[in-house]
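Structure first, commentary second.
The values are calculated or read from the model by the stated rules, or taken from the named source; none is laboratory data. Model, not experiment: these values are computed from the prediction. FYI the Cβ positions are ideal-geometry reconstructions off the backbone, even for glycines, and counts take in every protein chain you see.
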Amino acid sequence: MPVTADFETIGTYIKLKDRTAVVGVLPNRLNEDPYHFGLLEEKNRMDLKKGCQGFRDEGYGDLFYSFFDYIKKTSKQGIPLKDVICSDFISTRRNLISFAASLYSRQSFVIRALRKNGVIFLCDKRSENQTSDGDDPGYGKKFEQYMTLKDNGEPYDEEEEVSNAECVKAVLRTSFKKGDEEIKVLYAAEIDALDSDGSFVEIKTARFDQETWVKRRSHYHYLQSFLGNAPLIIRGQVTDDQVVFKVIVDWRFVHDLFIFQVEKVETDDILHMNVDWKADESMEQLFRVLHEIKLRLKNDDEAIVIRIGGRHVYYEVENAMKCSFVDANFLRYFE
């Protein structure tokens, strides 16, 4: 019996530079100007370097800070956390992607699970120790800027500076079901835009042609969009001459970097491309890991480490006192 996923959007918020949340802020609207889509004429190509000269990565280190702030601001104090969130897990979308992708990935990663107040919190080691990415030139954020509209409905100026200090996130409660068993996970997912129908949109750049993108990136991009409840991906193709080679080696040494083709990709349509992975098997793997974690953490103040390398999943007992990624003040708010 296949695993099904039912998404419920609880709300949205903007994460500010100080890692607090402003409840109810929506993502910018998608710029659906037809001149931005298809094979672009030279005059309409998007220069990704403009506005990025002073870019600094300021989007790191949020962990659960803004998400916890959102939950507190939308909840009544003193009500048990489990009753407030109506979920078995609090996680990040990245953890869910990592579990689901592990059947087809060679990457290794470590995620810790801690049970507190009847809820299991999942946090990966990378997020716990995240620092500024000094190699990020901001070109991906620049493309997002080109493809969205300002609050007044006008497009951004080409020279507008780029920043990732703030971002808009959707709060999702997703129910994964298999047979009579249901596992609910509450998480926040960064959302790049809203289309004219009000649906979430993912915006991506690609240095690959279509065939290579399908082979190398389609699985991750599908899972990211699917688990973000985003039915549409906007994919911008970076110039495919020798500049692409330089982009791969070091973005900062690129002299000419333009988006020359933009296409809309329906998330579900990826399943019908020549992919070498299966979505059903990915969801089975995700469900299998979540189920095992629930079985192993039946009591509060218990913790485990999940180590995944490809198809191999290992579970180890962890000292709960060493798991500091859940803020004690946040827990006390619901006591």
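The set of residues from segment 128-170 being surrounded by 14 or more Cβ atoms within 10 Å (Cβ to Cβ) and among the small types (Gly, Ala, Ser) comprises Gly138, Gly140, Ser163, Ala170.
One line per residue, one yes/no per condition, for (1) under 19 Å from Lys50 (Cα atoms); (2) modelled with pLDDT of 85 or more:
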| residue | (1), (2) |
| --- | --- |
| Gln210 | no, no |
| Leu227 | no, yes |
| Ile233 | no, yes |
| Phe260 | yes, no |
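Of the strands (runs of 3 or more DSSP E) lying entirely inside segment 157-206, those containing at least 2 residues that are of a type outside the set (Ser, Thr, Tyr) and modelled with pLDDT under 95 are 200-206. In segment 311-325, the residue that is surrounded by the most Cβ atoms within 10 Å (Cβ to Cβ) out of those that are in a loop (DSSP other than H, G, I, E, B) and touching a strand residue (DSSP E or B) at 6+ places or on another chain (Cβ under 8 Å) is Cys323.
Take the conditions (1) in contact with a strand residue (DSSP E or B) (Cβ under 7 Å, 6 or more places away or on another chain); (2) surrounded by 14 or more Cβ atoms within 10 Å (Cβ to Cβ); (3) in a loop (DSSP other than H, G, I, E, B); Phe55 misses just one of them, which is (1).
For segment 182-232, the set of residues classified as of a type in the set (Phe, Trp, Tyr) and touching a residue at least 12 places away in the same chain (Cβ under 8 Å) consists of Tyr187, Phe200, Trp213, Tyr220, Tyr222, Phe226, listed by residue number.
Annotation: of all residues in segment 305-335 being at pLDDT 95 or above and β-branched (Val, Ile, Thr), the one that is nearest to Asp62 (Cα to Cα) is Val326. Within segment 158-178, none of the residues are without any contact (Cβ under 8 Å) to a residue 12 or more places away in the chain and of a type outside the set (Ser, Thr, Tyr). Restricting attention to segment 12-40, the residues being surrounded by 15 or more Cβ atoms within 10 Å (Cβ to Cβ) and part of a strand (DSSP E or B) number 8. Every test in (1) under 27 Å from Tyr222 (Cα atoms); (2) crowded, with 17+ Cβ neighbours inside 10 Å; (3) not aliphatic (A, V, I, L, M) is passed by Cys86 save one, and that test is (2). Considering segment 169-203, and only residues there that are among the polar types (S, T, N, Q) and within 18 Å of the chain's Cα centre (by Cα), the residue that is nearest to Leu232 (Cα to Cα) turns out to be Ser199.
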